[in-house]
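Q: The structure under discussion is supplied below as structure tokens; questions concerning it will follow.
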Amino acid sequence: MAQALEADPSVEMILGLGTGEPRVPLERTEFVRADQTYSILNRIVRVTQVDTIVHTFLKTNSVGISGRMLHEINVIGTLNLLAAAGAPGSSVRQVVVKSSTHIYGASEKDPTWFREDTRRNAPVRTRLEGSLIEVEALVRDFIVDNPHLVVSVLRFANVLGTDIVTPISIGLRRRLLPCIAGFDPLVQFVEEDDVVRSLEFVTHHRIPGTFNVAGAGKLPWSEVASIAGARLFPLSPIGTHSAAAPFRWVGLIQVPVEMESVMRFGRGVDTSRLVDSGFTYRYTSAGAVESFTRANNLRRSVGGSDPGYRYEQDVEQFFRHSPAVVRGSEG
Amino acid sequence: MPSALPVVAPHEEIPPLSDPRRSDVDEWGRSEHIRSITRRLYDPIYKYWFRVEWEGLEKIPTTGGALMVANHAGAIPSDAPAIMHGIEKELGRPVYGMADYFFRTVPVVGTLWARTGGLPAHPDNAYRLLHDQGQLALVFPEGTKGPSKTYSDRYRLRRFGRGGFVEIAMRSGVPVIPIAVVGAEESMPILFRMNGLAKTLNLPYFPVTANDFVFGPILGKVAYFPVKMKFRVLDPVTFDVDPGLERYSKSRVMDEAEQIRAKLQDTIHDMLRERRSVWFG
């Protein structure tokens, strides 16, 4: 994302906020280390007089993280961010928030395609989904309280691509994809390039609203494995969570709890709202899987350094710097 | 659709995206490849066991969407596959069978149901299928009330719900085409139901059929009696309303649904009057 913004000449300055070092080469992005809830965000906003915040730090899968941590990062982090953006005298004019299609859940009662205003049917049973719902509720309130701001929420489907590491990509890389015996649901993916491009598109064109972001089309779970050259690892359809537990424990497969219902019923989100606003995708759902597979094949043949760009763990917030840093404004 | 979104001029012409699919499974889960295999397997049953006869098949359009509705019967209904098979075979176009979302929860069978054109009867699905894609959809307005009837209630059409199918057809701007079915009732007639067992197994009903007594309890759930099946297609029903509206007059919808139900009921009685034998027509 930082690289994309660096390429945009209308962006004067970029500031990244994160808990770790940036993992990609950056030229004109300044970087500040912060804690996970960015309590220092308020001060930074005031000092740098930024006018745009792109909030990509939301965790969109629950692997390796406790429910409490999920809540801290997603909900408390967003609270702090929105507080900084909406503070009286704040220079912020635009906020872009990353969300996830996990907010829709997956149940047998679902329509084949979720539009942005379609209600979820599945009961909220996972911490991740609960936190996403809370975050979007906070954003909705924020919009009502701050009508002068441009606020965009992007709900991303599962991401696959050349560099990104996700629970699904780990399984595909190991050539072992867990599945639920007897079920072959249709799923969607978004390619990681399209993720960055869509964030950049909405930021650059200042487009308010909530948008589903996913590659066109759906494909069967078994076909995902087939494209990536992976074998399916069937889990019992009854008591799936417990059946997966021993394998999850020894690290053979990764099945974040919010994926269990997706592996049973699949999920599709309608993307026409973003497309109608002028965005063009470069990859379909199957294309995203193929993009990952080609990169993976190369990695296997050539081997070697693989930074494993984990964008969920990076906090990248890019601020557009207005004419001058206001010194002495820190209060 | 209202659009308050700022619209950005789309980028220059880019070539169509490559979609590296390996199977022909469409967005609804249907695979023409798998469907043609099941048609080949089912064809002997269609031709020799049920000896299906159609009347009025020409009333079903060869292009464009239509919502076909039929009466529903048989403990495990035999009418849906037969209707879908007949239309796909004679007209050469796919038929999507809309049924209860319950099927999605069943392993293996649920997946096969989807691959052969089954999908849940959600209004959003119906609108997209009929209006956006102009496909043929088959729905049974009696729902599970039809097949769960006992033999003594045979051919007495249950209430067509709240007429949801009419509203779907109105909104999608497609006609409703009623199809009267004779024969399914006797293919697997229910003698009585076991409600306790149904609850335990999480099924809408648990039937005990004459087939169970003839073929045994296990085989009886898959072996149908060789009844003669007859389908009569009635004239398409169109509604002089605007498509795409949020709401339609409830009373108008229920009226139309009841009229269609009555027409089907009359046609069925006609066909039964003409029928001389359950097995030979």
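The values are calculated or read from the model by the stated rules, or taken from the named source; none is laboratory data. Since the structure is predicted, the reported quantities are computational estimates derived from the model, not experimental observations. Cβ coordinates were reconstructed from backbone atoms using ideal geometry, including for glycine residues, and neighbour counts include every protein chain displayed.
Q: Taking the criterion of being within 25 Å of B:Leu264 (Cα to Cα), surrounded by fewer than 21 Cβ atoms within 10 Å (Cβ to Cβ) and modelled with pLDDT of 90 or more, would at least one residue in segment B:186-197 satisfy it?
A: Checking segment B:186-197: at least one residue is within 25 Å of B:Leu264 (Cα to Cα), surrounded by fewer than 21 Cβ atoms within 10 Å (Cβ to Cβ) and modelled with pLDDT of 90 or more.
Q: Step by step: first the residues of segment A:201-220, then only those that are in a strand (DSSP E or B) and of a type in the set (A, V, I, L, M), then the one that is farthest from the other protein chains (Cβ to nearest Cβ). Which residue is that?
A: Per the stated criteria, the residue is A:Val213.
Q: Within segment B:234-257, restricting attention to residues that are out of contact with any Phe, Trp or Tyr (no Cβ under 7 Å at 6 or more places or on another chain) and outside any loop (DSSP other than H, G, I, E, B), which residue is surrounded by the most Cβ atoms within 10 Å (Cβ to Cβ)? Show your work before the answer.
A: Of all residues in segment B:234-257, those out of contact with any Phe, Trp or Tyr (no Cβ under 7 Å at 6 or more places or on another chain) come to B:234-240, B:242-255.
Imposing the further condition that a residue be outside any loop (DSSP other than H, G, I, E, B) reduces the set to B:237, B:250-255.
Details: B:Val237: 17, B:Lys250: 11, B:Ser251: 9, B:Arg252: 15, B:Val253: 22, B:Met254: 17, B:Asp255: 13.
By that ranking, first place goes to B:Val253.
Q: Hand me the list of helices (runs of 4 or more DSSP H) wholly inside segment B:142-220 holding 1 or more residues that are under 17 Å from the mean Cα position of the chain (by Cα) and not hydrophobic (A, V, I, L, M, F, W, C).
A: Qualifying helices (runs of 4 or more DSSP H): B:164-172, B:184-187.
Q: If we scan segment A:129-139, do we find a residue that is within 14 Å of chain B (Cβ to nearest Cβ) and in contact with a His (Cβ under 6 Å, 6 or more places away or on another chain)?
A: No, segment A:129-139 has no match at all.
Q: For segment B:33-73, give me each residue that is touching an Asp or Glu at 6+ places or on another chain (Cβ under 7 Å) and away from every other protein chain (no Cβ under 14 Å).
A: Result: B:Arg39, B:Leu57, B:Lys59, B:Ala70, B:Asn71, B:His72, B:Ala73.
Q: Does segment A:184-200 hold any residues that are at the interface with another protein chain (Cβ under 9 Å from one of its Cβ atoms) and either surrounded by fewer than 24 Cβ atoms within 10 Å (Cβ to Cβ) or among the charged types (D, E, K, R) (or both), and which are they?
A: Result: A:Asp184, A:Leu186.
Q: What are the residues in segment A:230-258 that are closer than 17 Å to A:Thr166 by Cβ and touching a Cys at 6+ places or on another chain (Cβ under 6 Å), if any?
A: none
Q: Related question: I need every pair where a residue in segment B:47-65 that is farther than 14 Å from B:Phe231 by Cα has its Cβ under 7 Å from the Cβ of a residue that is crowded, with 16+ Cβ neighbours inside 10 Å and among the hydroxyl-bearing types (Ser, Thr, Tyr), sequence separation at least 6 or different chains.
A: So the pair list comes out as B:Gly65/B:Ser172.
Q: Quick one: which helices (runs of 4 or more DSSP H) lie wholly within segment A:243-286 and hold at least 2 residues that are within 11 Å of chain B (Cβ to nearest Cβ) and at pLDDT 90 or above?
A: A:262-265, A:272-276
Q: Among what's in segment A:103-116 and is within 20 Å of A:Ala216 (Cβ to Cβ) and touching a residue at least 12 places away in the same chain (Cβ under 8 Å), pick the residue that is nearest to the chain's Cα centre (by Cα).
A: A:Tyr104
Q: Additional query: Taking B:Leu130, is it surrounded by 23 or more Cβ atoms within 10 Å (Cβ to Cβ), within 14 Å of another protein chain (Cβ to nearest Cβ) and of a type in the set (A, V, I, L, M)?
A: Here the answer is yes, as B:Leu130 does meet what is asked.
Q: Scanning segment B:88-103 for residues that are over 14 Å from B:Ser36 (Cβ atoms), at pLDDT 95 or above and part of a helix (DSSP H, G or I), which turns out nearest to the other protein chains (Cβ to nearest Cβ)?
A: B:Leu91
Q: Which members of segment A:209-248 meet the condition of being of a type in the set (Ser, Thr, Tyr) and surrounded by fewer than 17 Cβ atoms within 10 Å (Cβ to Cβ)?
A: Looking only at segment A:209-248, we keep the residues that are of a type in the set (Ser, Thr, Tyr), and these are A:210, A:222, A:226, A:236, A:240, A:242.
The answer is A:Ser236, A:Ser242.
Q: Next up: Which condition number does A:Asp110 fail, the rest of (1) under 27 Å from A:Ala85 (Cβ atoms); (2) of a type in the set (D, E, K, R); (3) in contact with a Gly (Cβ under 9 Å, 6 or more places away or on another chain) being met?
A: (1)
Q: Within segment A:135-171, how many residues turn out to be within 18 Å of A:Arg197 (Cα to Cα) and of a type in the set (Phe, Trp, Tyr)?
A: 1
Q: With respect to A:Glu223, determine if the residue is within 17 Å of A:Ala288 (Cβ to Cβ) and away from chain B (no Cβ under 13 Å).
A: So A:Glu223 does not fit the description; no.
Q: Taking the options B:Ile37, B:Ile76, name whichever one is outside any strand (DSSP E or B) and in contact (Cβ under 8 Å) with a residue 12 or more places away in the chain.
A: That would be B:Ile76, the only listed residue that is outside any strand (DSSP E or B) and in contact (Cβ under 8 Å) with a residue 12 or more places away in the chain.
Q: Among the candidates B:Arg193, B:Arg232, which residue alone is touching a Gly at 6+ places or on another chain (Cβ under 7 Å) and either at negative phi or of a type in the set (Val, Ile, Thr) (or both)?
A: B:Arg232
Q: Quick check on segment A:126-137. Is at least one of its residues modelled with pLDDT under 90, of a type in the set (Gly, Ala, Ser) and surrounded by 17 or more Cβ atoms within 10 Å (Cβ to Cβ)?
A: no
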